[in-house]
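The structure appears below as structure tokens.
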Amino acid sequence: MQIKCKDFDPYHFRSDFVLPADEFWRLHMQAVYRHFFAQWFPGEGFRRILKTDLFDEATIPFHPSLDLRQHGTTLVGLDLSRQVVFRARHHLQPGCQLAISDVRQLPFQSESFDLIFSNSTLDHFSEKAGIKISLKELARVLAPGGFLFITLDNPHNPVIGFRNRLPFRIMNALGILPFYMGATLSHDDLVRSLQENGFSVRHSTFADFSPRLLLVWYRRLFSSAQTQCTGRILRGLWRFERWCSRNCLVRLGCFIVVWAEKKGEVA
């Protein structure tokens with residue numbers, strides 16, 4: 001799937017804000033997610049939407065959300081960390097509901113949601129079994145005919161493979177990983193696991209070709225960079241993302257991206 005730069009201006013941020021070291025990458029990924037959602041969104045609204053990770057919302061004070069709430073009556077944000085949930089609630093739109101829970105044991109009734117947005121949530125477990133348990137839970141709380149947008153680390157990306165071989169303590173001390181990154185699934189294993197849990201995979205691809213480590217170090221070396229420079233860097237990342245998708249490099253993306261529908265008739 002090719003990414004079209006002319007589709008929209010993917011970045012929106014306050015002109016007086018200086019980005020922290022890691023936030024070039026986070027803003028870039030928000031633009032990538034927004035693009036896929038715009039391409040794959042079926043068009044109708046959703047009654048209830050679940051977002052299974054709030055780290056971005058807790059980290060970026062002016063978080064350019066995917067505007068999920070405009071597509072549904074209720075948006076529920078979930079995270080395992082009480083601190084993350086507390087920080088995120090100050091940055092989310094009024095009316096969003098928040099929950100603290102492990103995604104392997106969700107505190108919701110079956111078939112509670114019409115859309116689940118799960119970005120890089122299930123790749124923090126030490127074993128693949130945690131991913132598969134979580135997929136069953138996501139399937140349980142999603143209504144028949146509902147949609148799941150999910151991303152996982154791509155194990156075939158050489159940077160991801162090398163990173164996962166290094167001790168987390170070292171990566172955390174260097175500021176490369178703010179939290180533990182664990183097991184993941186290959187593209188084919190993820191698709192197969194989704195199908196085993198009653199999903200029909202509508203779209204799948206790979207994303208994120210950004211040099212994240214270089215971005216982090218750049219911001220630390222040039223912490224006084226002006227917002228105008230920030231905008232140029234972000235748009236350069238977007239063009240690079242598009243170029244990689246055009247030149248058959250998609251399998252080198254850091255993330256596997258899947259849009260799936262739960263089988264069954266809508267109530």
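Read-outs: derived from the displayed coordinates by stated rules, not from any lab. Everything numeric here is computed off the predicted structure, so don't read it as measured data. Quick reminder, even Gly has a Cβ in these numbers, built from the backbone with ideal geometry, and neighbours come from all protein chains shown.
Details
- Per-residue Cβ neighbour rank within 10 angstrom, fewest leading, 205, 52, 74: 74, 205, 52
- Per-residue HN-Hα couplings for the range 78-85 [Karplus 6.51, -1.76, 1.60; θ = phi - 60°; Hz; x = Gly/Pro]: 10, 7, 6, 8, 5, 5, 5, 4
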